[in-house]
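The values are calculated or read from the model by the stated rules, or taken from the named source; none is laboratory data. All values reported here derive from a predicted model rather than from experimental measurement. For neighbour counting, all protein chains shown are included, and Cβ atoms are generated from backbone atoms with ideal geometry for every residue, glycine included. Heads up: the accessible areas ignore ligands, DNA and RNA and are worked out on the full protein's heavy atoms, side chains in. Shrake-Rupley method; radii C 1.70, N 1.55, O 1.52, S 1.80 Å.
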Amino acid sequence: MAVVQKSSQIDAPTDATSQTNWGEWFIEGVIKVAGISSIVIIGLIFLFLLREGLPAFLDIPLRQLFGTRWYPIEDAFGMAPLLAGSLIVTVGAVVIALPLGLTTAIYMGEIAPPWQREILKPIIEVLAGIPSIVLGFLGWIALAPLIQRLGAPTGLTAFTGSLILAYMSLPTIISIAEDALYAVPKEYRGGALAIGATQWQSIWRVVLPAARPGLVIAVMLGIGRAIGETMAVMMVTGNAANIPSLGSGIFFQPVRTMTATIAAEMGEVAQGSLHYSTLFAIGIVLFVISFAINWLAGRLVGMKGMRRSRRGGML
Amino acid sequence: MNNKIEVREFSFYYGAFQALKNLYLDIRENAITALIGPSGCGKSTFLRCLNRMNDTIRGTRAEGQVFFDGRDIYAPAVDVVELRQHIGMVFQRPNPFPQSIYDNVAFGPRVVGMAARRSELDRLVQESLEGAALWDEVKHRLRDSALDLNPGQQQRLCIARTIAVKPKVILMDEPCSALDPVATLSVEDLMRRLAQEYTIVIVTHNMQQAARASHYTGFFWLGELVEFNTTENLFSAPKAPLTEAYITGRRG
Ligand SMILES: Nc1ncnc2c1ncn2[C@@H]1O[C@H](COP(=O)(O)OP(=O)(O)O)[C@@H](O)[C@H]1O
Ligand SMILES: [Mg+2]
């Protein structure tokens with residue numbers, strides 16, 4: 001700040017100095033307000049969630065609230081099936097999207113010749129822009145029948161949802177991961193090649209470890225997208241609020257996610273009813289989960305050795 | 001003394017631009033050969049041609065031959081990865097990997113599969129660090145990040161990393177340009193000691209460094225090798241007027 005002021009004083013003639021400071025004061029103020037307001041808004045959202053959702057936590061015993069039966073008509077508000085549904089769909093999506101996204105990013109950033117990159121990049125940007133409802137629709141009329149033909153009892157399964165979600169989070173993962181790879185200094189690759197490493201060894205042993213903080217962020221943001229997604233998932237997962245039976249078919253049965261439950265039922269509940277506040281309680285749980293994931297990401301990124309690789313990036 | 005590398009009729013192109021023009025040059029074994037010349041004359045390009053690092057740049061083309069121990073490294077059957085194990089390279093700016101000191105030195109042996117057992121690897125790392133005159137400074141902190149070292153130490157670490165795969169030739173592209181005078185002298189000392197075991201080719205824009213540290217010197221100008229001689233002769237009695245103008249101009 002002091003440095004900026006000094007240099008502007010040197011550059012500008014004396015009579016313009018006060019004006020420059022004014023401009024700076026104004027811009028700084030705007031930025032400050034914007035920054036603070038986003039924090040305040042998040043705080044307000046959480047307060048609102050708490051106000052609406054807290055009655056559920058107070059009126060329903062926790063054992064019931066996290067019980068295995070979600071059947072609001074009979075006042076059974078057990079969230080476990082919904083938590084399980086979200087978990088299965090998300091884990092499935094991550095398992096699909098993670099290797100696909102990272103390998104695509106590695107291919108685009110490290111291996112593909114420029115002309116291929118120039119084709120791939122805009123395609124992936126277009127992917128990111130497809131509205132989720134369109135993907136849900138495609139999943140419903142194209143993907144679901146396909147999965148049923150593969151032998152699942154129905155095509156509307158957790159796996160169908162995972163595929164759609166993976167597809168939706170791919171652009172995020174790819175573009176952020178590619179940026180992370182791009183930020184790795186070229187000298188590292190040269191250094192590895194110059195002592196007899198193959199290109200793959202240089203990528204695997206030098207570039208990827210150096211890019212790890214960015215790669216973790218890429219994956220986390222991709223997951224974040226997957227967890228929060230509602231409409232597409234609601235359309236293709238079958239929406240059965242049952243605890244999925246464990247076993248090999250776990251991904252191939254209908255499930256219902258937390259987000260889908262809120263979206264589907266919010267329209268029909270009486271404001272202030274127990275059902276209503278339970279839906280908000282689900283929102284609180286989602287909120288807490290996404291905070292936990294962010295925290296975990298922060299921990300992973302800030303881990304020892306990674307900070308060093310960041311510093312290496314500025315070298 | 002033997003010729004370790006023989007360059008014949010060698011030209012090099014970046015796309016349509018010819019960066020090196022019909023070079024003939026011999027690099028003697030176990031000697032330090034310095035390449036000098038104004039910026040942009042092709043010194044780095046030439047150096048990168050000696051271990052085919054230019055292959056990684058798109059749209060480049062080489063003509064002619066470079067014989068390493070009698071074999072043309074531009075022949076079709078040559079395994080470039082293996083070639084670079086024999087002809088290693090140290091870069092202008094120290095580029096240790098963002099990993100521990102130990103892992104930096106162990107990188108080469110690991111990727112080329114040199115040391116199967118942990119104890120062998122430990123020994124190789126120690127030898128290489130000793131060879132690069134860095135062991136005493138880092139032996140108690142091998143697990144620390146290489147980025148915690150100062151630039152001079154980092155450059156010696158990069159040299160240790162290079163010699164860990166036991167190359168025959170070490171190419172150095174202005175290895176001291178990012179270092180302070182004290183670190184520069186220590187790297188030069190190191191080069192002289194390494195020359196007993198390795199063949200060294202060093203690019204430098206610093207005439208004193210070439211005069212101090214090398215046995216042979218080549219003077220490049222606009223992609224041509226104007227003059228090549230023992231360092232003593234080239235600096236005391238340059239034959240080409242261009243060489244003379246350059247070295248006196250730079251000195252005075
Ligand atoms: N990657 C490249 N692509 C195109 N031209 C290059 C590239 N690298 C170097 N050159 C050109 O080749 C010539 C020699 O460059 P270089 O070998 O770096 O010179 P020096 O190391 O002697 O300063 C210069 O004219 C430079 O512009
Ligand atoms: Mg150069």
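Quick rundown of the values:
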| quantity | calculated |
| --- | --- |
| Solvent-accessible surface ranking, highest first, for B:203, B:81 at 1.4 angstrom | B:81, B:203 |
| Quarter of Cα convex hull surface for chain B, i.e. mean projection, nm² | 13.7 nm² |
| Where labels lie 7 Å past Cα in the beta-carbon direction, separation of residue A:117 and residue B:9 in nm | 3.6 nm |
| Probe 1.4 Å - accessible area at residue A:251, Å² to nearest ten | 70 Å² |
| Accessible area per residue, Å², the protein assembly as shown with all protein chains present, probe 1.4 Å | 49 Å² |
| Theoretical FRET efficiency, 1/(1+(r/R0)^6), r = Cβ-Cβ of residue B:239 and residue B:126, R0 45 Å, to 0.05 | 0.45 |
| Volume in Å³ per residue [convex hull over Cα atoms, computed for the stretch B:121-252] | 118 Å³ |
| Among beta bridges that DSSP assigns inside the protein assembly as shown, antiparallel share in %, nearest 5 | 60 percent |
| Spin-label model distance (nm) - residue A:107 vs residue A:200, 7 Å beyond Cα toward Cβ | 1.5 nm |
| Calculated FRET efficiency for the pair residue A:48/residue A:28, C-beta based, R₀ 35 Å, to 0.05 | 0.70 |
| Accessible area (Å², 1.4 Å probe, nearest 10) - residue B:26 | 40 Å² |
| Most fluctuating residue given options A:232, A:34, A:142, as computed from a GNM of chain A linking Cα atoms under 10 Å | A:34 |
| Residue A:125-residue A:146 pseudo-label distance in nm [points 7 Å out on the Cα-to-Cβ vector] | 2.7 nm |
| Rotationally averaged projected area of the stretch A:251-303 (alpha carbon convex hull; nm²) | 5.2 nm² |
| Percentage, to the nearest whole number, of Cα pairs in the protein assembly as shown over 45 Å apart | 40 percent |
| B:21, B:43, A:32, B:239, reordered so the largest accessible area comes first (probe 1.4 Å) | B:239, A:32, B:21, B:43 |
| Where only alpha carbons of the stretch A:161-315 are counted, the Rg and the Dmax (Å) | 20.9, 70 |
| Förster-model FRET efficiency, 45 Å R0, residue A:293 and residue B:72, C-beta, rounded to 0.05 | 0.20 |
| Protein heavy-atom accessible area occluded, A/B pair - total, 1.4 Å probe, Å² | 2200 Å² |
| In Å², nearest 10: area of residue B:49 left accessible to a 1.4 Å probe | 0 Å² |
| Cα-based convex hull volume of chain A per residue, rounded to whole Å³ | 215 Å³ |
